[in-house]
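The values are calculated or read from the model by the stated rules, or taken from the named source; none is laboratory data. The shown structure was predicted, so the numbers you read here are calculated from the model rather than taken from an experiment. Cβ sites come from the backbone with ideal geometry, for glycine too, and all protein chains shown count toward neighbours. Ligands, DNA and RNA are stripped out before the accessible areas are found, and what is left, the full protein with its side chains, is counted by its heavy atoms. Shrake-Rupley method; radii C 1.70, N 1.55, O 1.52, S 1.80 Å.
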Amino acid sequence: MQTIPERIQALRALMNERQIDAYLIPSGDPHQSEYVAPHWETRAWMSGFTGSAGTLIITHDHAGLWTDSRYFVQAEQQLAGSDVVLHKQQIPHAPEHIDWLATHLPAGSKLGLDGMVVSLATVRALERQLTPKGIHLVTSYDLPGQLWATRPPIPASEVYDFPVSYAGEGREQRLDRLRQWLSQQGGDALLLVALDDIAWTLNIRAADVDYNPVCLSYLLVEKNDAQWFAGRRRVPEALQSQLSEAGVAVKEYEEAADALAHFASSSVIVVDPATISHRFYELLAGKNIQEAGSPVVSMKAIKNEVEINNWQQCMRRDGVALLRLFRWLETTLRQREVPEVEVGEQLARFRSQQALYIGESFPAIVGYQANGAIVHYRAEEGSCAMLQPEGILLLDSGGQYWDGTTDITRTVALGRTTEAQRQHFTLVLKGMIALSMAKFPEGTSGAQLDTLARQFLWQENLNYGHGTGHGVGYFLNVHEGPQGFATSAVTSRGRTAFRAGMVTSNEPGFYREGHYGIRTENLMLCVADGTSLYGNFFRFETLTLFPIDKRLVAIEMLTRQERDWLDRYHQQVQEALMPLLNDEEERAWLAAQCAPLVNDDISSLKDLFY
């Protein structure tokens, strides 16, 4: 079964044996993670599509992959010749595949899925639409797992302590906060399933999932103690002792199921239907269950003073790494073409030379020219584009450091650019600046603010198909809830009100398929901005520290206020990074990149750069 068609045919044979009419394969793992360990990359193994979001459905005469506009181009390329048909979701994260199932499966059909990797909330959403149609769910089979002979093992990296000097709060305090919440809910125990929730609560980190420093585990918090199902051999004795002092007993990962099955029926256990697997929920049958969203999501979204101060220093070092990358690229392009893959490798190398660096926070997106229009493009050796001293490059990357997580996108000119490219770049920049300068009353949500970033593109009948921003974890997942900037008020990112201490990306873009992509991204901290007769107000402070390429700015399109913002930002970047530079050429390069815009003589600036 080396080819996708062979795997699909083998799956259909197993479906026949069990009288299953359709089989659904999601993107997740038992913890509903965005990035999953290779052991759970089932959808990719069965379809060839490697994007982080998508649902595969196999019937006896059809194989379909549902994903959103971020992945349309990638999916078309990866599904070519595989017999898997791309179904383009019109609304990101919308369950349009359920509509398809309800329409195409006749009454009496059986839909199979692995209840271990599908959340309770997802199963309920399927049942709401399919049960009235006479379609039944069978959640007990992991059919692809029976075929996957070379399936990677479940990872078990060594766990390490995340000290209070970085976390700003001890695990005892965080457990106390959870128990206070649990008491308010009238519960006796809280089951945490999401890996970043557990890492934050216990102040631990690991390397079980690429790019996210988390540990595959479950955490059962009770009134006086807690059980952490992670695996004893992977937790050093010193850390086990510290956890024991905090009332946390380390158990085996596999023991979590038994603990739920034998949970006292007289006690109330609180679970999050969005993260608990359907299989684990079934183990609690007959128990006293209370459902609620994980309280950790909102707790960890508010960064404390230690985290914020550390993050600001982290951003300075990350900016230095990017500075050295772009200087290297400029020098190298004078001598030879550069593969996209090499740009990502060199950036990882420059970041690794910075103090407290752990690894990348996601796979770098290095998109030259037309590849920049593929929103989640992944360059591969042997097939990637070769950079030349012309056109534009979109580079979206991030690092994981002990003192923060970074996520930055810069679109840069590698040579002469067109008027259309500069206009599109400036429309995106104007939106990014508008969101950066926003002031808003308490209770304002991401859906309300998202419009600020799109308004200038909309005026030209242009748009982009992804959200404008997401929450960011602190040495945790680069994509973190609950807040963000999104067009839909239904999603968490769209409906969550901003609060002081939240760190969120600001990343509008524009993508001209087949030609180029443009995105400019900074991370921003929400801070208080005083109180008036209308209540409390908030604003954003930019955390990211790296210049925006002035060569792509159509200065005549900027207002005085926008030009002043850009000049102030570049002054902030220069003041923050310059003390970390000893090389005079680096200092000169930074000074030139951060020099004020030429407001009165636009033609002289064009002559300077072109």
Value of D in µm² per second that Stokes-Einstein yields for region 503-561, Kirkwood Rh from Cα pairs, at 10 °C (1.306 mPa s) = 110
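Largest first, what is the accessible-area ranking of Val221, Val85 with a 1.4 Å probe?
Order by accessible area, largest first: Val85, Val221.
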Taking Cα atoms, how many degrees apart are the long axis of helix 171-185 and the longest axis of the chain, rounded to 10 and kept between 0 and 90?
-> 60
Spacing of the two label points (7 Å from each Cα toward its C-beta) at Ala125 and Ser241, in nm | 4.7
Fraction of accessible area attributable to carbon and sulfur, region 92-178 (%, probe 1.4 Å) | 55
Antiparallel as a % of all DSSP beta bridges within the chain, to the nearest 5?
-> 75
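Order of 448-457, 362-371, 304-313, 477-486 by packing, highest average Cβ count within 10 Å first?
Ranking the peptides 448-457, 362-371, 304-313, 477-486 by packing returns 477-486, 362-371, 448-457, 304-313.
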For the chain, find the longest principal axis of its Cα atoms and tell me its angle to the long axis of helix 305-333, 0 to 90°, nearest 10.
-> 60
Rounded to the nearest 10 Å², the accessible area of Cys594 using a 1.4 Å probe with every protein chain kept is 10
How far, in degrees from 0 to 90, does helix 340-352 lean away from the longest principal axis of the Cα atoms of the chain, to the nearest 10?
-> 90
If eta is 1.567 mPa s and T is 4 °C, what Stokes-Einstein diffusion coefficient results for region 164-276, Kirkwood Rh from Cα pairs, in µm²/s?
-> 90
Semi-axes of region 57-162's equivalent ellipsoid from the Cα gyration tensor, sqrt of 5 times each eigenvalue, largest first, rounded to whole Å?
-> 26, 21, 17
Tally up the carbon and sulfur contribution to the accessible surface of region 286-400 as a whole percent, 1.4 Å probe, everything protein left in place.
-> 45
Rounded accessible area per residue of the chain, 1.4 Å, Å² | 40
Taking only the alpha-carbon positions of region 21-73 and ignoring solvent, what does the Debye formula give for the base-10 log of I(q)/I(0) at q = 0.20, 0.21, 0.32 Å⁻¹?
-> -0.69, -0.75, -1.32
At 20 °C in a medium of viscosity 1.002 mPa s, the chain has a Stokes-Einstein diffusion coefficient, with Rh taken as the Kirkwood radius over alpha carbon pairs, in µm² per second, of 83
Accessible area, probe 1.4 Å, largest first, for residues Arg43, Arg128, Arg378, Arg493 = Arg128, Arg378, Arg493, Arg43
Once phi is turned into θ = phi - 60°, what whole-Hz ³J(HN,Hα) does the Karplus curve with 6.51, -1.76 and 1.60 give for every residue of region 559-572, x standing for Gly and Pro?
-> 7, 4, 5, 5, 5, 5, 4, 5, 5, 5, 4, 5, 5, 4
